[in-house]
Amino acid sequence: MLSKGKLKYIHSLEMKKYRNELNAFVAEGNKLVADMLHAFECELILAKPSWMATQGDIPTKELLEADDEDIRKASFLKSPQDVLAVFKRPAWSLAEADPASSLVLALDGIQDPGNLGTIIRLADWFGIEHIVCSLDTADVFSPKTVQATMGALAHVKVHYTDLAVYLKAQAEKQIPLFGTFLDGENMYTKELSANGIIVMGNEGNGIRPEIEELIDQKLYIPSFPPERETSESLNVAIATAVICAEFRRRQGNAVQ
C-alpha cells in the first residue's frame, strides 16, 4: 500500500533540492525501470502485480504493490505506466572521462530537459560514455530528463563542473576542443580526430565567450544547398546528432 509518507517522499524528488539532499531520483515506465535496475541501486519500486510478474527477482530495498490509483497519484507522467522506481544517484567520477583516447561531449548551459535527455540518448547510440556539463546545465536526474533518456542514462555518465576551468585544463594537455560556430570550418571537409571534446552550447545563446576562447577546432554545419535561405539554426540536440554521426563516420572509414 502507498502511504502518505511514501507519496510525499516520491513527490519531493521532483525538486532538485530534495534530489540532492536525499541522493535519489525517480524513473517511470516498464522498459525504463527494467533497464535502470541493471545500472543503479534501487531504493523503492511501486508497481502493479502484472509488472512484477514479468521481472522475476527484483533487486530493490522496498517493493510496494500498487493499483492504478496509487500509480496515478505518485506519477509525474500524464499517462502513467505500470511501475515507478526511486534509485540512488550514482557517484560518477569526472576523472574517468578520458578525452585523450576517446570522444567526450561537453554541454555549456543546456536548459531544456528534453534536449539534455535526447543528447544522452545520442551519446549512448554513438558510443560516447561521458558528458561533462556546466553547472548551469539542466539536472540530469530531474524526472523529465530521466524519462527523455529512454534508459540511455544506464550507459552514459554525466558530470557537472566549472566547464571553463575543465576545458582550460584539457587545452593545456593539447586535447582537441571542437565547437560549432557560424564562422567555423565546414565540418564535412575539415579533418576530425577520433578523440577530444565536442562542446555544444546553450539553446538561445550558443557557447559562451570565455569557453569559445578555449576552442581550437571551430566547426560549421552547412545547410544544403549552401546559398538557399534557411531557418536561423538547428536545435542543439539535432546539431549534436549531426556532429556525432560525422565523427563516427570518419572513424569507421579510417578502420576499413
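Just so it is clear, none of the values below were taken in a lab; they were calculated from the coordinates. Worth saying up front: this structure is predicted, and the values here are computed from it rather than measured. Reconstructed Cβ throughout: ideal geometry from the backbone, glycine too, with neighbour counts over all protein chains shown.
Are there DSSP H segments in the chain that both extend 27 Å or more along their axis (alpha-carbon positions) and score a mean Kyte-Doolittle hydropathy of at least 0.0? List them, or say none.
236-255
Give the lysines whose C-alpha is closer than 29 Å to that of Lys144, dropping any in the same chain fewer than 8 places away, or say none.
Lys4, Lys6, Lys8, Lys16, Lys17, Lys31, Lys48, Lys61, Lys73, Lys78, Lys88, Lys157
With Cβ to Cβ distances under 13 Å as the rule, what net charge do the other residues near Lys6 carry (K, R +1; D, E -1)?
For residues surrounding Lys6, the net value is 0.
Pairs of Cα atoms under 8 Å, at least six residues apart: use those to get the relative contact order of the chain, whole percent.
Answer for the chain is 19 percent.
Choose one answer from Leu107, Leu214, Leu234: the residue with the largest mean-square fluctuation in a GNM of the chain with alpha-carbon springs under 10 Å.
Its mean-square fluctuation being the largest, the pick is Leu234.
Under 10 Å, Cα contacts only: if you run a Gaussian network model on the chain, which one of Lys61, Lys78, Lys157 comes out with the highest mean-square fluctuation?
Lys78
Of the options Ile175, Pro80, Pro143, report the single residue whose Cα projects farthest towards the positive end of the charge dipole of the chain (beta-carbon charges: Lys, Arg +1; Asp, Glu -1).
Looking along the dipole axis, the top candidate is Pro80.
How far apart, in nm, are two points set 7 Å out from the Cα along the Cα-to-Cβ line at Asn23 and at Ala95?
1.8
Explain nothing, just compute: Karplus ³J(HN,Hα) = 6.51 cos²θ - 1.76 cosθ + 1.60, θ = phi - 60°, for every residue of the range 185-196 in order, whole Hz, x for Gly and Pro.
Each residue's phi maps through the Karplus curve to give 7, 3, 5, 7, 10, 7, 6, 10, 8, 8, 9, x Hz.
Under a point spin-label approximation (7 Å from Cα along Cα-to-Cβ), what is the Arg72-Ser193 distance to one decimal in nm?
5.7
Applying a 10 Å radius around every beta-carbon, put 185-193, 162-170 in order of their mean neighbour count, most first.
Most protected by this proxy first, the peptides run 162-170, 185-193.
How many angstrom separate the Cα center of the range 1-40 from the Cα center of the range 112-165?
A separation of 18 Å, based on Cα centres.
Around Tyr188, with a cut-off of 13 angstrom between Cβ atoms, what is the net charge of the other residues, counting Lys and Arg +1 and Asp and Glu -1?
Residues close to Tyr188 contribute a combined charge of 0.
Determine the dipole magnitude for the chain: charges of +1 sit on the beta-carbon of Lys and Arg, -1 on that of Asp and Glu, nothing else is charged, the reference point is the Cα centre, and the result goes in debye to the nearest 20.
Dipole size: approximately 500 debye.
I want to check the label-to-label distance for Ile238 and Glu41. Put each point 7 Å from Cα in the C-beta direction and report it in nm to one decimal.
The answer from the label model is 4.2 nm.
Mean-square fluctuation check for the chain, GNM, Cα pairs under 10 Å: which of Val156, Val242, Val104 is largest?
Val242
Positive end of the dipole of the chain, charges at C-beta (+1 Lys, Arg; -1 Asp, Glu), about the Cα centre: which of Thr189, Leu94, Ala164 has its Cα farthest in that direction?
Most positive-ward Cα: Leu94.
Which listed residue (Met36, Thr60, Val26) has the Cα farthest towards the positive end of the charge dipole for the range 4-88, taking +1 on Lys and Arg C-beta and -1 on Asp and Glu C-beta about the Cα centre?
My answer, from the dipole projection, is Val26.
Under unit Cβ charges (Lys, Arg +1; Asp, Glu -1), what dipole magnitude, rounded to 20 debye, does the range 4-88 have relative to its Cα centre?
420
Can you classify the range 4-88 as rounded, prolate or oblate using the Cα gyration tensor, where a ≥ b ≥ c are the square roots of its eigenvalues, rounded means a/c under 1.5, and otherwise it's prolate if a/b beats b/c and oblate if not?
Oblate shape, in that a/c is at least 1.5 and b/c is the bigger or equal ratio.
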